[in-house]
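Quick note: the coordinates plus some simple rules give every number you see, no bench work behind them. Being a predicted model, the structure only gives us computed values, none of them experimental. All Cβ positions, glycine included, derive from the backbone under ideal geometry; neighbour counts span all protein chains shown.
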Amino acid sequence: MFYSIIIPVYNRPDEVKELLDSLDKQSYKQFEIIIIEDGSSEPCKKIADQYTALTIEYFFKENSGPGDSRNFGMAKAKGDYLIFFDSDCIIPTNYFQYVDDHLTTNPLDCFGGPDAAHDSFSVIQKAINFAMTSVFTTGGIRGKKNNIDNYQPRSFNMGMKRVVYEHLGGFSDLHPGEDPDLSYRIMNAGYKVGLIEKAFVYHKRRIDFGKFAKQVYKFGVVRNILIKWYPDKFKSVYLLPSTFLLGSIILILLSILISKLYIFPLILIALLLFLEALFKTKNILIALLAVPASFIQLYSYGFGFLKGFVKILLLKKDERKALPSFFFK
């Protein structure tokens with residue numbers, strides 16, 4: 001099969017170089033690459049032009065967000081499948097071979113794959129990767145076998161048949177959240193969606209705790225928009241970060257007002273996070289940083305979810321008026 005790789009880019013030329021380096025080393029080479037420069041002030045065209053062995057189409061357009069940029073790329077694509085990567089990804093050498101083998105024997109209309117931390121990533125990036133995959137923060141459900149037949153692909157590592165795009169259209173103007181929105185529409189239309197477990201990518205995510213906190217805060221807010229649009233997709237696990245945030249506040253107040261012993265549950269959770277991270281990474285520094293990363297993930301998402309819950313689900317405000325910054329115009 002022939003694949004079209006669609007990459008939206010905004011001011012990340014160095015990341016694009018790493019991504020193209022990895023695509024240049026693929027064992028399966030039946031693909032084209034479509035780069036959509038989304039109004040960047042630091043374009044990556046000179047870097048893309050260096051990869052003469054790859055089939056690359058480069059387009060520059062005004063800034064309209066990653067969802068619209070992917071839609072732009074899909075309109076230009078020629079592949080049987082449309083594959084989406086974020087610019088901060090590195091693709092393992094056998095990625096497309098795994099994908100092609102899987103789709104040949106177990107066809108899917110839409111698929112996604114897991115993400116992992118590359119050896120070259122900083123210790124903070126590796127700690128953040130742990131926070132996004134830990135059993136204590138996300139339930140360890142991202143990219144696991146028990147989700148193979150009920151998987152919601154995310155746009156950092158996602159593919160779908162051209163006919164799906166032609167039937168349903170592309171991504172909405174919601175951001176973040178445009179990828180679960182599209183996944184839900186694909187599922188509701190009856191298409192077969194699944195996880196290709198071996199088709200993982202190395203995903204950098206955010207490079208510091210401040211940017212990470214802002215990112216997961218937005219995830220928490222936008223979850224309420226998705227619950228409003230797709231109430232049948234609600235899962236109780238979405239409530240856990242907010243419950244943890246409120247519980248932490250109560251425990252901290254009790255430890256100040258009554259007894260310091262009330263802080264013990266939070267210390268225990270921090271210890272469990274450290275031990276899980278140490279077991280997974282075999283690195284003490286990453287394990288130490290994984291503790292604040294995990295608390296940031298839970299507290300930021302939980303706060304964002306509570307804010308979105310009050311505005312969208314409790315007060316029943318129009319999401320585009322109440323949260324205009326979550327929609328590209």
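In table form, for the structure just shown:
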| quantity | calculated |
| --- | --- |
| Restraint check, Lys25/Lys78; Lys233/Lys317; Lys218/Lys329; Lys25/Lys280; Lys78/Lys329, Cα-Cα greater than 26 Å | Lys25/Lys280; Lys78/Lys329 |
| Cα-based equivalent ellipsoid of region 65-198: semi-axis lengths in Å, sorted from largest, via gyration tensor | 24, 17, 16 |
| Contact order normalised by residue count of the chain, Cα under 8 Å, 6+ apart, percent | 19 percent |
| Cβ-Cβ FRET estimate between Leu266 and Ser40, R0 fixed at 56 Å, reported to 0.05 | 0.85 |
| Placed amide H near Phe136: partners under 5 Å, 5+ positions off or other chain | none |
| Rounded if a/c under 1.5, otherwise prolate or oblate - the chain, Cα gyration tensor axes | prolate |
| Top of Pro66, Pro241, Pro231 by mean-square fluctuation, Gaussian network on the chain, Cα under 10 Å | Pro231 |
| Karplus-derived 3J(HN,Hα), 6.51/-1.76/1.60, for each residue of region 294-301, Hz, glycine and proline x | 5, 5, 4, 4, 5, 6, 5, 4 |
| Under 12 Å, Cβ to Cβ, from Met160 - net charge with Lys/Arg +1 and Asp/Glu -1 | +1 |
| Ile6 long-range amide H proximity, modeled H, under 5 Å | Ile34, Ile83, Phe84, Phe85 |
| Fewest-first sequence of His102, His167 by Cβ atoms within 10 Å of each Cβ | His167, His102 |
| Reciprocal of mean inverse Cα separation for region 208-267 (Kirkwood radius, Å) | 13.7 Å |
| Whichever aspartates and glutamates have a C-alpha closer than 14 Å to that of Lys282, once near sequence neighbours (fewer than 8 apart) are set aside | Asp119 |
| From phi via Karplus (6.51, -1.76, 1.60), per-residue ³J(HN,Hα) for region 172-183 in Hz, x at Gly/Pro | 7, 8, 5, 7, x, x, 5, 7, x, 4, 5, 4 |
| Net charge over other residues, Cβ less than 14 angstrom from the Cβ of Ala287 (K, R count +1; D, E count -1) | +2 |
| Relative contact order, percent, region 213-326 [alpha-carbon distance under 8 Å, six or more residues apart] | 48 percent |
| Shape category assigned to region 205-308 from the gyration tensor of Cα positions, a/c cut at 1.5 | oblate |
